[in-house]
Ligand SMILES: [Zn+2]
């Protein structure tokens with residue numbers, strides 16, 4: 001992830017934490033060039049998958065990702 005302060009493309013993750021429902025991860029990053037810290041958020045791009053079953057029953061499926 002690009003540093004917002006110096007533009008260096010390399011940073012390391014110093015802390016990561018999921019939100020309560022597990023849909024996003026907040027990462028604290030530290031630039032390896034200037035040493036400043038910034039926060040990024042990681043979310044799953046896909047919306048939950050809707051599977052249409054017989055008789056038009058909609059079942060919301062939750063996709064689980066393992067980190
Ligand atoms: Zn930097």
query: Is it the case that some residue within region 36-44 is at pLDDT 95 or above and part of a loop (DSSP other than H, G, I, E, B)?
result: yes
message: List pairs: first residue in region 1-27 and more than 10 Å from residue 39 (Cα to Cα) and without any contact (Cβ under 8 Å) to a residue 40 or more places away in the chain, second residue in a loop (DSSP other than H, G, I, E, B) and away from the ligand (no atom under 14 Å from the Cβ) anywhere in the structure, Cβ distance under 7 angstrom, at least six positions apart or on different chains.
response: 23/44
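Regarding region 22-31, can at least one residue be identified that is at pLDDT 80 or above and more than 19 Å from residue 1 (Cβ to Cβ)? Spell out how you get there, then give the answer.
First, pick out the residues of region 22-31 that are at pLDDT 80 or above: 22-31.
Remaining after also requiring more than 19 Å from residue 1 (Cβ to Cβ): 22-23.
Yes: one or more hits.
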message: Restricting to region 6-29, count the residues that are loosely packed, with under 13 Cβ neighbours inside 10 Å, outside any strand (DSSP E or B) and within 14 Å of the ligand (Cβ to nearest atom).
response: 4
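The values are calculated or read from the model by the stated rules, or taken from the named source; none is laboratory data. Values in this document were obtained by computation on a predicted structure and should not be read as measured data. Quick reminder, even Gly has a Cβ in these numbers, built from the backbone with ideal geometry, and neighbours come from all protein chains shown.
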